[in-house]
Amino acid sequence: RAKADGRGTFCFFRDEMAQTVEARRILELDLRKALANEEFELFYQPLINLKSGKVSTCEALLRWNHPARGTVSPVDIIPVAEDMGLIVDLGRWILRKACMECMKWPEAVSVAVNFSPQQFHQRDVLSEVRYALEVSGLPAHRLEIEITESSLLHNTELTHDVLSQLRSLGVRISLDDFGTGYSSLSYLHNFPLQKVKIDRSFLEGIDSDRPLTLLRGVARLSADLGMSVVVEGIETNEQLELISADGAVTEAQGYLFSRPVPAVRIRQLLNASHGRRPDEQLHVVP
Ligand code: C2E
Ligand code: MG
Ligand code: MG
Ligand code: MG
């Protein structure tokens, strides 16, 4: 129990740590059961092609319907699953589920799946991907794998090989959250990447000159290197106009178009949005 003196404070601190350890243990146990109990669900958020105004891709985003806690965010799940080594099993489930869901969408729409570094660096990542495509029947060109800069930090030669092999399969690789990690611009030309997703932190202060110049610079550079360029986290029409102006940005994603929604909802949305312009579509209420 907490006491005012030094010893009491120390005890309190220890109790709190013990509680944290206990809470964490319970979370880990719950996570293990969740996969077997099918408590996980994938939400989907569209990426809009700015030229056609149509949905090009939908990103799969993990949700956990915990029996007692309610919906748990992936921000709280993924790091724990990584520490436990559960991410490989969980990632396999996510990949297969997302590929199967994409089969229910119009052919022009791809699915994007987030890979954590551990999942990306597993020895048989290639057969995992091949198998997911096989069992779902999804053509490789409709699968996009999102990795972050942290997946590109180590084993560069091996990493390069895996990326090349995935590309030979016909799968696209997208560099997620660009600008938040080490942000080495050399990643953009050293690795075979097809898409760059500029992190939404780049939108902060975008109505002033310097941030806008920075965002446009990164977008232009990526486009000149032959990559598709996405800006994440578009919430307002003003932001959309600013990023669309010089044509380097090819796609946009954000609450302005749609929040992440359940699978059933995205299916309806994809049918409804077919053929419409970005300014008249997809204002989905969460
Ligand atoms: P991410 O891959 O960068 O996904 C984008 C996140 O930004 C999503 O949060 C999405 O809901 C949110 N977002 C989209 N548009 C807007 C916007 O306009 N404004 C704001 N404020 N936020 C927006 P979410 O679903 O909570 O996912 C968070 C992160 O968790 C993801 O970031 C990704 O790193 C990770 N994650 C989610 N699902 C998976 C998964 O299946 N596997 C792995 N390895 N990681 C996942
Ligand atoms: Mg992502
Ligand atoms: Mg992202
Ligand atoms: Mg992000």
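The values are calculated or read from the model by the stated rules, or taken from the named source; none is laboratory data. Predicted model only: the values in this text are computed from it and were never measured. Every residue, glycine as well, gets a Cβ built from its backbone with ideal geometry; the counts of neighbours run over all protein chains shown. When the accessible area is computed, the model is the full protein with side chains, heavy atoms only, and any ligands, DNA or RNA have been set aside. Shrake-Rupley method; radii C 1.70, N 1.55, O 1.52, S 1.80 Å.
Do you know which of the residues in the range 232-244 that are in a loop (DSSP other than H, G, I, E, B) and of a type outside the set (Gly, Ala, Ser) is most open to solvent (accessible area, probe 1.4 Å)? Talk me through it step by step, then tell me what you get.
Taking the range 232-244 as the starting set, the residues that turn out to be in a loop (DSSP other than H, G, I, E, B) are 232-236.
Now restrict to residues that are of a type outside the set (Gly, Ala, Ser): 232, 234-236.
Details: 232: 23, 234: 0, 235: 101, 236: 51 Å².
Across the range 232-244, the extreme among qualifying residues is 235.
Please pick out the residue among 217, 247 that is outside any helix (DSSP H, G or I) and surrounded by fewer than 22 Cβ atoms within 10 Å (Cβ to Cβ). I'd like the intermediate steps shown before the answer.
Numbers: 217 fails: outside any helix (DSSP H, G or I).
Result of the check over 217, 247: 247.
Out of (1) under 15 Å from the mean Cα position of the chain (by Cα); (2) in a loop (DSSP other than H, G, I, E, B); (3) not acidic (Asp, Glu), the odd one out for residue 46 is which?
(2)
It is to be established whether one or more residues within the range 66-83 are polar (S, T, N, Q) and away from ligand 2 (no atom under 16 Å from the Cβ). Before you say what the answer is, go through the steps one by one.
If we filter the range 66-83 for residues that are polar (S, T, N, Q), which is where we start, we get 71, 73.
From the residues that got through so far, the ones that are away from ligand 2 (no atom under 16 Å from the Cβ) too are 71.
Scanning the range 66-83, I find at least one residue that is polar (S, T, N, Q) and away from ligand 2 (no atom under 16 Å from the Cβ), so the answer is yes.
Could you please find all residues in the range 189-209 being more than 16 Å from ligand 3 (Cβ to nearest atom), in a helix (DSSP H, G or I) and in contact with a Leu (Cβ under 9 Å, 6 or more places away or on another chain)?
Taking the range 189-209 and keeping what is more than 16 Å from ligand 3 (Cβ to nearest atom), we get 189-192, 205-209.
From the residues that got through so far, the ones that are in a helix (DSSP H, G or I) too are 189-190, 209.
189, 190 - these are the residues of the range 189-209 that are more than 16 Å from ligand 3 (Cβ to nearest atom), in a helix (DSSP H, G or I) and in contact with a Leu (Cβ under 9 Å, 6 or more places away or on another chain).
So which pairs qualify, if the first residue must be in the range 198-216 and modelled with pLDDT under 85, the second must be within 16 Å of ligand 4 (Cβ to nearest atom), the Cβ gap must be under 9 Å, and the two must be at least 6 apart or on different chains?
206/215; 206/239; 206/243; 207/239; 211/202; 211/203; 211/204
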